[in-house]
Amino acid sequence: MPKPDDLPFPNRSLVSHLRHKYYYLMHRPVATMKTTWGCWYKCNFCFTWKITDGLPYSRSPQSIVEELLTIESDEIYIVDDIFLINKSRLNELSRLIQEHNIKKNYLCYARADFVAENEDIIAHWAQLGLKAVFIGLEATTDEELDSMNKQLPAYCNIEAIKVLRKHEIDTYGSLIPGPDYTKADWRRLAKFINDNHLYYVNISPATPLPGAENYHEFKDQLTVPDDAHSLFDLSHQLSPTKVSLKAYYWELLKLYAQTTLNMRSARVNTFRTLPSIWTRDYWRLILGALKIGRQFLFSYTHHSPKEIRRSRFKGPRPENLTFSDKFRHDAFKAFMHSSEKVPSEVPM
């Protein structure tokens with residue numbers, strides 16, 4: 001790994017004509033930044049810490065500020081696995097941001113225990129322009145979090161959300177429902193979302209990812225072949241479920257609908273990111289939620305032999321291929337009508 005400060009800044013001029021098209025939710029136009037490679041923690045469902053062999057490599061505050069001064073966008077999405085973690089680095093960075101009078105809005109990732117234990121840092125960054133924080137809440141019980149090797153107790157999630165709400169920073173909460181979820185578990189998750197006033201949530205079925213610590217533990221339980229790559233998208237449940245797949249996805253869809261389509265909750269539980277109902281951005285958000293809903297409504301059909309063959313397609317790449325041409329290409333048609341079947345040892 002080279003020294004992070006020796007890496008060149010992105011040449012954003014190459015895509016300056018597309019700058020207005022870059023967005024994430026309500027952060028528009030947004031520029032992404034990377035200030036650390038790797039992670040300090042070793043959650044067993046995640047492989048990113050393994051990329052750097054468990055050793056994080058971080059840029060200096062001076063390097064970060066130099067790059068910020070080159071960015072035109074007001075919205076900055078810091079895509080580190082954990083940005084809010086090193087107090088001395090954050091304090092020095094905030095000092096330099098103020099010294100250079102940089103006025104930006106920030107979206108970044110944090111762990112719940114850091115947020116819960118460092119309210120002074122959160123309060124200061126709220127004044128600097130911190131609008132929203134991604135937190136890997138993952139689950140609601142100590143047992144679930146222990147099984148993921150999260151190394152924090154469940155109450156930290158609740159305390160972290162309280163701290164962010166106190167300083168009017170929006171929480172983007174990530175949750176991972178397991179394949180063993182029953183209706184009672186879904187109700188418990190819905191109660192957690194409601195009780196903690198969450199609006200922005202990312203609910204991703206637990207997916208065994210190649211490279212993660214728990215992959216070999218769950219590999220033999222996969223309900224699809226391990227080369228069905230397009231199904232390993234964190235939106236499909238690929239392990240045997242206690243309820244039927246259709247029922248599982250239905251519960252997931254209901255939870256999304258109860259959360260994201262609740263207009264009162266949107267008004268009450270967001271602070272710096274939700275646009276006015278009279279703006280185009282607001283209706284983009286609703287349209288996005290409906291698209292996600294449609295996806296989950298029919299996700300159970302993606303486990304059929306035909307759809308699995310589709311997900312495994314790796315045919316020759318023809319010249320002048322466009323996205324819309326893919327499924328009309330002769331190689332794909334031949335593959336879909338071939339006699340190749342899903343391996344018999346894979347339960348359907």
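Only the coordinates and a few stated rules stand behind these numbers; no lab work does. In this text, all values refer to a predicted model and were calculated from it rather than measured experimentally. Cβ sites come from the backbone with ideal geometry, for glycine too, and all protein chains shown count toward neighbours.
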Straight-line reach from Lys103: which aspartates and glutamates have Cα under 16 Å away, leaving out those fewer than 8 places along the same chain? Glu66, Glu67, Glu72, Asp74, Glu75
For the pair Trp278/Phe298, report the inter-label distance in nm, with labels modelled 7 Å from Cα in the Cβ direction. 3.7
Normalising by the residue count of segment 155-237, find the relative contact order in percent from Cα pairs under 8 Å and 6+ residues apart. 30
Could you tell me which of rounded, prolate or oblate describes the chain, using a ≥ b ≥ c as the square roots of the eigenvalues of the alpha-carbon gyration tensor, with rounded for a/c under 1.5 and, failing that, prolate when a/b is larger than b/c and oblate otherwise? prolate
To test your reading of the geometry: what angle, between 0 and 90 degrees and rounded to tens, separates the Cα axis of helix 154-166 from the longest principal axis of the chain? 50
Whole-Hz Karplus couplings 3J(HN,Hα) for segment 29-38, θ = phi - 60° and coefficients 6.51, -1.76, 1.60, Gly and Pro as x, run x, 10, 10, 9, 9, 10, 10, 9, 10, x
If the viscosity is 0.692 mPa s and the temperature 37 °C, what Stokes-Einstein diffusion coefficient in µm²/s follows for segment 170-234 when Rh is the Kirkwood radius over Cα pairs? 241
So, by mean Cβ neighbours within 10 angstrom, what's the order for 6-15, 39-48 with the highest one leading? 39-48, 6-15
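Quick one: work out the % antiparallel among DSSP beta bridges in the chain, nearest 5.
Antiparallel: roughly 10 percent of the beta bridges in the chain.
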Taking the Cα centre of the chain as origin, sum charge times position over the Cβ atoms of Lys and Arg (+1) and Asp and Glu (-1), and report the length of that vector in debye to the nearest 20. 1420
Residue-averaged 222 nm ellipticity for the chain, from DSSP H runs of 4+ at -39500 (n - 2.57), nearest 500: -11000 deg cm²/dmol
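Just need the relative contact order of the chain here, percent rounded to a whole number, with Cα pairs under 8 Å and 6+ apart.
On the way: 502 pairs, mean separation 47.1, N = 348.
RCO, the chain: 14 percent.
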Relative contact order %, segment 112-203, counting alpha carbon pairs below 8 Å whose residues are six or more apart: 35
Tell me the label-point distance for the pair Ser174, His20, using the 7 Å Cα-to-Cβ offset, in nm and rounded to one decimal. 3.2
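Rounding to the nearest 20 debye, state how big the charge dipole of segment 42-179 is about its Cα centre with +1 on each Lys and Arg Cβ and -1 on each Asp and Glu Cβ.
Values: 14 positive and 22 negative charges, 35 e Å.
Once rounded to the nearest 20, the dipole reads 160 debye.
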Rounded, prolate or oblate: pick one for segment 278-320, where a ≥ b ≥ c are the square roots of the eigenvalues of its C-alpha gyration tensor, a/c under 1.5 means rounded, and failing that, prolate if a/b is larger than b/c, else oblate. oblate
If the cut-off is a Cα-Cα distance under 15 Å, which aspartates and glutamates reach Lys50, setting aside same-chain residues fewer than 8 apart in sequence? Asp80, Asp81, Glu213
Towards the positive end of the charge dipole of segment 205-327, with charges on Cβ (+1 Lys, Arg; -1 Asp, Glu), say which of Thr301, Gly315, Leu238 has the farthest Cα. Thr301
Work out the length of the dipole vector of segment 105-189 about its Cα centre, built from +1 on the beta-carbon of each Lys and Arg and -1 on the beta-carbon of each Asp and Glu, and round it to the nearest 20 debye. 360
The alpha-carbon center of segment 176-235 and that of segment 246-286 are separated, in whole Å, by 20
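Stretch Thr182-Thr32 to full length: gain in nm at 0.36 nm per residue minus the Cα-Cα span?
So the chain would gain 50.2 nm between Thr182 and Thr32.
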So how many Lys-Lys pairs in segment 188-304 land under 19 Å Cα to Cα, not counting same-chain pairs under 8 apart? 6
Just to confirm the number: angle between the C-alpha axis of helix 183-195 and the first principal axis of the chain, 0 to 90 degrees, nearest 10? 20
What is the Cα centroid distance between segment 85-151 and segment 27-63, reported in whole angstrom? 14
Whole-Hz Karplus couplings 3J(HN,Hα) for segment 46-63, θ = phi - 60° and coefficients 6.51, -1.76, 1.60, Gly and Pro as x, run 10, 9, 5, 5, 6, 4, 10, 6, x, 10, x, 10, 10, 6, 6, x, 4, 5
Rounded to the nearest 10 degrees, the helix 245-260 long axis (Cα) sits at an angle to the longest Cα principal axis of the chain of 30
Ordering of 300-313, 266-279 by packing [mean C-beta count within 10 Å, highest first]: 300-313, 266-279
Toward the positive end of the charge dipole of segment 23-152, about the Cα centre and with charges on Cβ (Lys, Arg +1; Asp, Glu -1), which of Leu128, Asn91, Ser63 goes farthest? Ser63
